[in-house]
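The values are calculated or read from the model by the stated rules, or taken from the named source; none is laboratory data. For clarity, every value in this text was computed on a predicted model and none was experimentally measured. Heads up, the Cβs are rebuilt from the backbone with ideal geometry, glycines too, and the neighbour counts pull from every protein chain shown.
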Amino acid sequence: MKILVCISNVPDTTTKITFTNDNTQFNTAGVQFIVNPYDEIALSKAIELCEGGKGTVTVINVGESQTDPTIRKALAIGADDAVRINATPRDAYFVAYQIAEYAKTVDFDMILCGRESIDYNGSQVAAMIGEFLDIPSISIIKKLEYDGSTATIDREIEGGKEVISVTGKFIASCAEGTAEPKIPN
């Protein structure tokens, strides 16, 4: 099993932020960046699925060299390898396109993302990647089981729970409860 996990570099929510240029530009000076917490949930689920040599987990980040500490943390949490697409993540469309273009060049069974990033809260990247790759996209999942060919996915919907079965490649955005975040080694 080969799982790709999208990770983004976001400001730590405990960091005091400031703006420059007449309060129109985010000032990154002194700001600590972290792995997006929802992406950590996706990473933890991928690691859980691959435990015991059942597969490999590759994290993918669209960013410049300042995102390397975030990538190293993902590796410390348990990812097998990492890819940084060296580009400025201008918007969700650009990020999704870059990741989809990379995914077209490698073999994978599934792509996992966090349900949203805590900086923009857009919830757009996973669905766009699915569209670019022409694969099923399942949003805001709560449970994922995989038997090697078929994924059984639970997600909450208004008034209950939906159970989806997917055969073949897919992308899913993980919400709280999909997995417990792992502690870096």
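Could you grab me the full set of residues in the stretch 129-143 that are buried (at least 20 other Cβ atoms within 10 Å of the Cβ) and touching a helix residue (DSSP H, G or I) at 6+ places or on another chain (Cβ under 6 Å)? Result: 129, 133. Residue count for the stretch 1-15, restricted to those that are closer than 26 Å to residue 106 by Cα and either surrounded by fewer than 19 Cβ atoms within 10 Å (Cβ to Cβ) or free of Cβ contacts under 8 Å to residues at least 40 places away in the same chain (or both): 2.
Please specify each residue of the stretch 144-170 satisfying the condition of being of a type outside the set (D, E, K, R), surrounded by fewer than 17 Cβ atoms within 10 Å (Cβ to Cβ) and free of Cβ contacts under 8 Å to residues at least 60 places away in the same chain.
First, the residues of the stretch 144-170 that are of a type outside the set (D, E, K, R): 144, 146, 148-153, 157, 159-160, 163-168, 170.
Pick out the ones that are also surrounded by fewer than 17 Cβ atoms within 10 Å (Cβ to Cβ) and you get 148-150, 152, 157, 159-160, 163-165, 167-168.
149, 150, 152, 157, 159, 160, 163, 164, 165, 167, 168, listed by residue number.
Which ones in the stretch 16-32 are part of a loop (DSSP other than H, G, I, E, B) and surrounded by 12 or more Cβ atoms within 10 Å (Cβ to Cβ)? Please lay out each step first, then the result.
Our first condition is that a residue be part of a loop (DSSP other than H, G, I, E, B); within the stretch 16-32, this holds for 16-17, 21-24, 28-32.
If the condition is that a residue be part of a loop (DSSP other than H, G, I, E, B) and surrounded by 12 or more Cβ atoms within 10 Å (Cβ to Cβ), then 17, 28, 31 are the ones that fit.
Of all the listed residues (176, 156, 116, 131), the sole one being at pLDDT 95 or above, more than 19 Å from residue 51 (Cβ to Cβ) and either assigned to a strand (DSSP E or B) or out of contact with any Asp or Glu (no Cβ under 7 Å at 6 or more places or on another chain) (or both) is 131.
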